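Enquirer: Mind looking over this structure? Questions follow.
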Amino acid sequence: MSDTAPRNPVGAPRMLADALLRSMTGTTALLRVTGTNTETSQSEVGLMATTFYEAVISPAVMRKLRPTWQENGESKWELILSASGVDQQVNTLDLESAQALFAMTLTVTVAGQDYLIESVASNEAFGKVYLYRLLLREAHQQAM
Amino acid sequence: MQNAKDSFYIALRTRLAAINPERTILLRGTVRPGILVEDAEAPFSQLPNDVFVLRWSGLGVDLNLVSTMVAKQCEIIYQTCGSQSYGGLDRGRSLSKMDEELASILQPFYTAKLDYTATPPTAMLTKVFWDEPGFTPVVTQRDRLSRSATVMVYSYQEQGE
């Protein structure tokens, strides 16, 4: 008997990735994204606080990388994000791509700790991204 | 000194937009002239190519004057990999173009000092001025050429600064 359900087979890797991420820890990552209304001199010289949007992405998994990172002694982490969760925020913010979302992200918060994005990579199957891998570095504490 | 730093950056930005409007950067969702202050933006894992990055470093104060003079060192860093249409083979030319642009936007070596905390910015009594830039040798990192220029920026402290 064949499966006649109207599911897109290209979406299978995404569903599988989401299921795996959820079953591992299924945590939530908070991306602090800058607003686009920064076309003033004041915002360019650090005077005006720009508007921020907090994009919640789940499921996500954090893993600590091997301690080879030396600069200032901060640990490096890899954040694995669900591509469907990222796409949802890309649509919400009306952005062109996930890269645009990551380019506008100031910090990533996971379990109350802030991180800075060092680099972004993605995994694809059937020409479609099913998860994003963000290389993160712990951010220093900012003044309140 | 913050007013002098702000005025210096805005002067360079305005001059760059006038001499090469095509040198732009998409930053925080906005297209702006290709110059930025490093400490007023999100930390970069790698500095962007084909833009001027202002990094403030050294500080000196001369108290033996009628008005206190403050000097701050500004390092202007820029790098390029050339253009895609030339497969990066024009990276030397791109860097030369940036050298020329930087030398142009630094002249004249002064600008009005404005207080950017006010809206609109208010003109102050003194000017901000700087000396000639000192260019470092080119650093080649695989396909990337980078250079920096150092400028000492001076200003007199005014009432309320």
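Enquirer: Is it the case, given these coordinates, that A:Ala17 is part of a strand (DSSP E or B), in contact with a helix residue (DSSP H, G or I) (Cβ under 8 Å, 6 or more places away or on another chain) and either modelled with pLDDT of 90 or more or surrounded by 18 or more Cβ atoms within 10 Å (Cβ to Cβ) (or both)? Break it down stepwise before answering.
Expert: On the way: part of a strand (DSSP E or B): no; in contact with a helix residue (DSSP H, G or I) (Cβ under 8 Å, 6 or more places away or on another chain): yes; either modelled with pLDDT of 90 or more or surrounded by 18 or more Cβ atoms within 10 Å (Cβ to Cβ) (or both): yes.
When the stated conditions are applied, A:Ala17 does not pass them.
Enquirer: I'm checking my understanding of the structure. Among residues of segment B:43-86 that are buried (at least 16 other Cβ atoms within 10 Å of the Cβ) and among the aliphatic types (A, V, I, L, M), which one is farthest from B:Thr126 (Cα to Cα)?
Expert: Here the residue is B:Val51.
Enquirer: Please state which of the following conditions B:Ala18 fails to meet, knowing it meets all the rest: (1) touching a strand residue (DSSP E or B) at 6+ places or on another chain (Cβ under 9 Å); (2) not in a loop (DSSP other than H, G, I, E, B).
Expert: (1)
Enquirer: Checking B:Gln79 against (1) among the polar types (S, T, N, Q); (2) outside any helix (DSSP H, G or I); (3) facing chain A (nearest Cβ under 10 Å), only one condition comes out false. Which one?
Expert: So B:Gln79 meets the others, but not (3).
The rows are residues; the columns are (1) under 17 Å from A:Arg32 (Cβ atoms); (2) surrounded by fewer than 16 Cβ atoms within 10 Å (Cβ to Cβ).
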site: A:Asp87; (1), (2): no, no
site: A:Thr92; (1), (2): yes, yes
site: A:Leu95; (1), (2): yes, no
site: A:Ala98; (1), (2): yes, no
site: A:Val108; (1), (2): yes, no
site: A:Gln113; (1), (2): yes, yes
site: A:Ile117; (1), (2): yes, no
site: A:Ala121; (1), (2): no, yes
site: A:Arg137; (1), (2): yes, no
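Enquirer: Then there is this: Residues that are buried (at least 17 other Cβ atoms within 10 Å of the Cβ): list the strands (runs of 3 or more DSSP E) wholly contained in segment B:105-161 that include at least 3 such residues.
Expert: Numbers: elements: B:110-115, B:122-130, B:139-141, B:144-156.
In segment B:105-161, B:110-115, B:122-130, B:144-156 are the strands (runs of 3 or more DSSP E) which contain 3 or more residues that are buried (at least 17 other Cβ atoms within 10 Å of the Cβ).
Enquirer: Let me ask something else. Which of the residues belonging to segment B:7-58 are at the interface with chain A (Cβ under 8 Å from one of its Cβ atoms), touching a residue at least 40 places away in the same chain (Cβ under 8 Å) and either in contact with a Ser or Thr (Cβ under 8 Å, 6 or more places away or on another chain) or under 19 Å from B:Thr80 (Cα atoms) (or both)?
Expert: The answer is B:Ile10, and nothing else.
Enquirer: Could you tell me how many of the residues in segment B:49-73 are assigned to a loop (DSSP other than H, G, I, E, B) and farther than 22 Å from B:Ile35 by Cβ? If you could, list the steps in order and put the result at the bottom.
Expert: Step one: list which residues in segment B:49-73 are assigned to a loop (DSSP other than H, G, I, E, B), which gives B:49-51, B:63-68.
When the remaining residues are screened for being farther than 22 Å from B:Ile35 by Cβ, the result is B:63-68.
Number satisfying all stated conditions: 6.
The values are calculated or read from the model by the stated rules, or taken from the named source; none is laboratory data. The shown structure was predicted, so the numbers you read here are calculated from the model rather than taken from an experiment. Cβ coordinates were reconstructed from backbone atoms using ideal geometry, including for glycine residues, and neighbour counts include every protein chain displayed.
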